[in-house]
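What follows draws every value from the coordinates through simple rules; no lab data is involved. Model, not experiment: these values are computed from the prediction. With ideal geometry, Cβ positions are generated from the backbone for all residues, glycine too; neighbour counts draw on all protein chains shown.
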Amino acid sequence: MAVCWAGGAQTCASAGPARPAKPIFIRMKPIEPRDGQRVLILGAGGHGRVVLDILLQAGRHQIVGFLDNNEAIHRRRIDGIPVHGSIGDLSYLKQALDIDGVIIAIGDNGARRGLARQVEQADIRLINAIHPSAALAHNATVGRNVVIAAGVVLCAHCQIGDSVILNTGCIIDYQTMIGEGSHICPGVRIAGRVKVESGVFVGIGATVIPKVTLGCESIIGAGSVVIEDVPSLATVVGVPARTIKVPAPGEDMAAMLLPARV
Ligand SMILES: CC(C)(COP(=O)(O)OP(=O)(O)OC[C@H]1O[C@@H](n2cnc3c(N)ncnc32)[C@H](O)[C@@H]1OP(=O)(O)O)[C@@H](O)C(=O)NCCC(=O)NCCS
């Protein structure tokens, strides 16, 4: 338990001989994880540091370390937290470090989603990182391995799938669904009743009007305003958004059959 000084030695002339007053201690409860679960963050890049900060701010977990495939940072510390080894070491380190859960902090949508499935198959628990400043409607539903960054607003009846990133300050309006493994970048505004399918990337500052569908693994350019449905695997940019890349015939089905990039 942390102890801090709240005052120095004092004297009291009217109470007899001067003697030093007892120091006053205030016992302060240290910030301790409420749930006390020991977690690892998989991925120690920029997104990993953001996830670390969110977990520290939320104060629910004990962050035991990172795993990252970049051997140059093994046994070093990132923001004070050790990098214990590669992601492939997870099964061994889970036992050795007595880990309760992990979160995958990898920006690439396909890699994050594929790794999440492997982690679950290995019977390792996936946790969420939700910043305390995020405002979540009481009836919004959130899957596993989800990152919700500072200042996010998630309105009534939204459904957020597994391995989704809702990045800093994005707004998701009512009854909108965000599919597994999608990344909604900082400052994005998605209106009500939008359907974002799986693996979609919505670039920074984009806007999506109500009732639109963003197809599986589509890419929405930074700052775009989407006013109509976007096909699977298409890339759209601009205001209003225009298509700059379309999937080749049969490519959408091929993409679904490809193994996840891990
Ligand atoms: C949409 C995006 C992925 C396209 O990348 P790309 O496939 O490499 O496309 P290119 O850079 O070759 O650009 C193709 C055309 O689209 C235009 N374009 C690209 N992105 C655009 C955007 N966001 N808004 C408007 N026009 C855009 C280019 O000017 C170019 O136009 P031209 O053919 O008339 O010269 C990328 O530009 C983008 O916006 N990424 C978002 C990044 C982001 O938000 N990161 C946040 C991380 S948290």
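Run the simple label-point estimate for TYR92 and ALA137 please: 7 Å along Cα→C-beta, distance reported in nm.
4.7
Using the Cα centre of region 79-220 as origin and beta-carbon charges of +1 (Lys, Arg) and -1 (Asp, Glu), tell me which of GLY181, SER91, ALA116 is placed farthest towards the positive end of the dipole.
Working it through, the farthest residue towards the positive pole turns out to be GLY181.
Past the 22 angstrom mark, what percentage of all C-alpha to C-alpha distances in region 111-262 do you count?
Every Cα pair in region 111-262 considered, those over 22 Å come to 37 percent.
In 10 Å bins starting at 0, how do the alpha-carbon pair distances of region 79-146 split up by percent?
P(r) for region 79-146, in whole percents per bin: 16, 46, 30, 8.
Given C-alpha coordinates of region 37-121, what is the ratio Rg to Rh with the Kirkwood estimate of Rh?
Looking at region 37-121, the ratio lands at 0.92.
Let me check I've understood the local charge: for GLN175, count other residues with C-beta under 10 angstrom from its C-beta, Lys and Arg +1, Asp and Glu -1. What total comes out?
Charge balance near GLN175 sits at +2.
Lys and Arg at +1, Asp and Glu at -1: add these up for the other residues within a Cβ distance under 11 Å of LYS195 and post the number.
It works out to a net charge of 0.
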